[in-house]
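Colleague: Here it is, the structure, as structure tokens.
Rule-based calculations on the coordinates, nothing more; no lab input. Remember, it's a predicted structure, so these values are computed and weren't measured experimentally. Cβ placement follows ideal geometry from the backbone for every residue including glycine, while neighbour counts extend to all protein chains displayed.
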Amino acid sequence: EKENYAQTGWSKNINGSRDYTFASSYSESADLTLYAYWNATLINAAMGSSFVSADPMDTSFCAWKKVDDISGYFNSYTSVDDLKKVGYTKVTISIDLHIYVYGDIEMYLQVYDITDGKELDCSSLYHSPNGASFDTTYTFSFDISELDNTHEIQLRFKGRRYVAIWGGRVTLGGDRVYTVKFE
């Protein structure tokens with residue numbers, strides 16, 4: 001076993017690509033040395049640039065706006081298809097971020113599957129009266145049975161100014177840290 005990795009096949013080279021799945025057969029008579037082929041099940045990385053809402057936001061909720069392409073991030077480290085084949089069914093995405101709020105706002109963060117046009121998970125409503133600056137973690141969990149390596153998954157933002165006469169802008173700091181865990 002290798003912590004935070006799942007074996008999803010075999011490789012002919014110690015750091016090579018996967019040459020054989022568990023269902024593959026080998027019909028040659030020559031000896032063959034195989035090495036375990038691993039896919040990451042826990043990924044940590046910083047990504048993103050600062051995201052700034054409209055200034056000022058409207059008093060009605062804006063349309064959802066893309067913050068980050070999450071799938072581009074985790075697909076470069078692992079294969080959703082391979083993990084599903086060996087029994088993984090769920091992914092949890094935690095995002096540590098610094099939020100600056102100017103004014104009295106309400107906001108949501110959402111994980112959205114662009115490919116299938118559906119919400120995978122959404123935060124509860126956050127209401128910040130009188131502005132704030134804080135560090136927080138948002139956690140999203142969803143089933144991966146309908147996903148594959150080609151799906152585009154985004155973190156999206158929707159917000160509004162709560163009081164028409166005062167402020168109304170949100171900045172998500174560019175130092176976002178993502179943790180993706182497959183289970």
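Colleague: Students often get this wrong, so check it: of K65/K85; K90/K118; K2/K90; K65/K90; K65/K181; K2/K118, which have C-alpha atoms separated by over 28 Å?
Modeller: K65/K85; K2/K118
Colleague: Which one, Y100, S71, G167, projects farthest toward the positive side of the charge dipole computed for the chain from Cβ point charges (K/R +1, D/E -1)?
Modeller: Result: G167, furthest along the dipole toward the positive end.
Colleague: Highest mean first, how do 32-40, 147-155 rank when packing is the count of other Cβ atoms within 10 Å averaged over residues?
Modeller: The packing order, highest mean first, is 147-155, 32-40.
Colleague: So, one more: Quick check on packing: order 46-54, 68-76 by the mean number of other C-beta atoms within 10 Å, highest mean leading.
Modeller: Per-residue mean Cβ counts within 10 Å order the peptides as 68-76, 46-54.
Colleague: Something else: Which values, in whole Å and largest first, are the semi-axes of the equivalent ellipsoid of the chain obtained as the square root of 5 times each eigenvalue of the Cα gyration tensor?
Modeller: 42, 15, 11
Colleague: Taking the Cα centre as origin and putting +1 on Lys and Arg beta-carbons and -1 on Asp and Glu beta-carbons, what dipole magnitude results for the chain, to the nearest 20 debye?
Modeller: 380 debye
Colleague: Roughly how many debye, to the nearest 20, is the charge dipole of region 65-173 about its Cα centre, given +1 on each Lys and Arg Cβ, -1 on each Asp and Glu Cβ, and no other charges?
Modeller: I would put it at about 440 debye.
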